[in-house]
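First up is the structure itself, then whatever we jot down about it.
The values are calculated or read from the model by the stated rules, or taken from the named source; none is laboratory data. Since this is a predicted model, take the numbers as computed values, not measurements. Note: ideal-geometry Cβ built from the backbone for every residue, glycine included; neighbour counts use all protein chains shown.
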């Protein structure tokens, strides 16, 4: 069951609740306006073997992170071979489908900024004009240090998005000072164990935890394990993951 923390912070698991099913595609909506978010969302999508129906946004930027499975991602009819630990940027108005050679699921985390209702479509789409590749491999991005941590930015204005930033961050054992941001943020725990703190409230987190952080909510991710805690983060509006404000600065 989802846990509500101070200030509207919310923590759930990736398969919490009943999924929406469209043939071999399953979608779990974990974060969105229905749960108190203002603009950002987080969905877990599982694509079964074969070719999925098309998913289209009208006006939002969408960023996707591949958790499991090799596949071909088709964006407006152009195919890209994609492997785990890759980010995908979907521009407003574009249509996405996934070709999964099987036999296992392809599992991804998706965030829309701002959140909107997506469409399922079987319409054919003409190839888009030439644009920067929408696929970014984590291994190709430089690790940027911040205090005793690092982060790697996957999707930002370099890829073409001026609204949203997607990154992967590493947190060592221990707890950093409480802080807040001037943006709305979602986190997905990729590996490790810890606790999510919002003000004086907290709850355990681990692989598959989905976290919503309202703008200016004082919070901290604590790594309670002996090794790395790694997370996927998406925030809106766009900016730098290194920018944060100490709790004492909040007005």
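Pick from segment 165-179 the residues that are modelled with pLDDT under 95 and in a loop (DSSP other than H, G, I, E, B): which of them is nearest to residue 214 (Cα to Cα)? Per the criteria, the residue is 178.
Condition (residue is assigned to a loop (DSSP other than H, G, I, E, B), surrounded by 22 or more Cβ atoms within 10 Å (Cβ to Cβ) and at pLDDT below 90) applied to segment 108-120: is it met by at least one residue?
Taking segment 108-120 and keeping what is assigned to a loop (DSSP other than H, G, I, E, B), we get 114-118.
Those still in the list that are surrounded by 22 or more Cβ atoms within 10 Å (Cβ to Cβ) too: 115.
Next, only the ones that are at pLDDT below 90 stay: 115.
Scanning segment 108-120 turns up at least one residue that is assigned to a loop (DSSP other than H, G, I, E, B), surrounded by 22 or more Cβ atoms within 10 Å (Cβ to Cβ) and at pLDDT below 90.
Scanning segment 129-153 for residues being within 17 Å of residue 73 (Cα to Cα) and surrounded by 17 or more Cβ atoms within 10 Å (Cβ to Cβ) gives a total of 4.
State the number of residues belonging to segment 180-194 that are crowded, with 16+ Cβ neighbours inside 10 Å and assigned to a strand (DSSP E or B). Talk me through it step by step, then tell me what you get.
First, pick out the residues of segment 180-194 that are crowded, with 16+ Cβ neighbours inside 10 Å: 180-181, 183-190, 192-194.
When the remaining residues are screened for being assigned to a strand (DSSP E or B), the result is 180, 184-190, 194.
Total meeting the criteria: 9.
Going through segment 32-60 one residue at a time, which ones are part of a strand (DSSP E or B) and closer than 24 Å to residue 13 by Cα?
Residues of segment 32-60 that are part of a strand (DSSP E or B), as a first pass: 42-47, 50-51, 54-56.
Matches in segment 32-60: 42, 43, 44, 45, 46, 47, 55.
Taken as a whole, segment 92-105 holds no residue that is more than 16 Å from residue 71 (Cβ to Cβ), surrounded by 15 or more Cβ atoms within 10 Å (Cβ to Cβ), modelled with pLDDT under 95 and under 14 Å from the mean Cα position of the chain (by Cα). Of all residues in segment 200-212, none are at pLDDT below 95, assigned to a loop (DSSP other than H, G, I, E, B) and either farther than 18 Å from residue 4 by Cβ or touching a helix residue (DSSP H, G or I) at 6+ places or on another chain (Cβ under 6 Å) (or both). Picking from residues in segment 145-162 that are in contact with a strand residue (DSSP E or B) (Cβ under 6 Å, 6 or more places away or on another chain) and in a strand (DSSP E or B), the one that is farthest from residue 88 (Cα to Cα) is 149.
Taking the condition in contact with a strand residue (DSSP E or B) (Cβ under 9 Å, 6 or more places away or on another chain) and within 20 Å of residue 234 (Cα to Cα), does residue 61 pass? Before the answer, list the steps.
Working: in contact with a strand residue (DSSP E or B) (Cβ under 9 Å, 6 or more places away or on another chain): yes; within 20 Å of residue 234 (Cα to Cα): yes.
In short, yes.
Annotation: residue 72 fulfils all but one of (1) outside any strand (DSSP E or B); (2) surrounded by 15 or more Cβ atoms within 10 Å (Cβ to Cβ); the unmet one is (1).
Quick one: in segment 199-217, of everything that is closer than 25 Å to residue 63 by Cα and over 12 Å from the mean Cα position of the chain (by Cα), which residue is surrounded by the most Cβ atoms within 10 Å (Cβ to Cβ)? Among those residues, the one meeting the criterion is 213. Which of the residues that make up segment 1-15 are part of a loop (DSSP other than H, G, I, E, B), surrounded by fewer than 16 Cβ atoms within 10 Å (Cβ to Cβ) and at pLDDT 95 or above? Result: 15, single match.
Residue 18 falls short on exactly one of the conditions (1) at negative phi; (2) in contact with a strand residue (DSSP E or B) (Cβ under 7 Å, 6 or more places away or on another chain), and that condition is (2).
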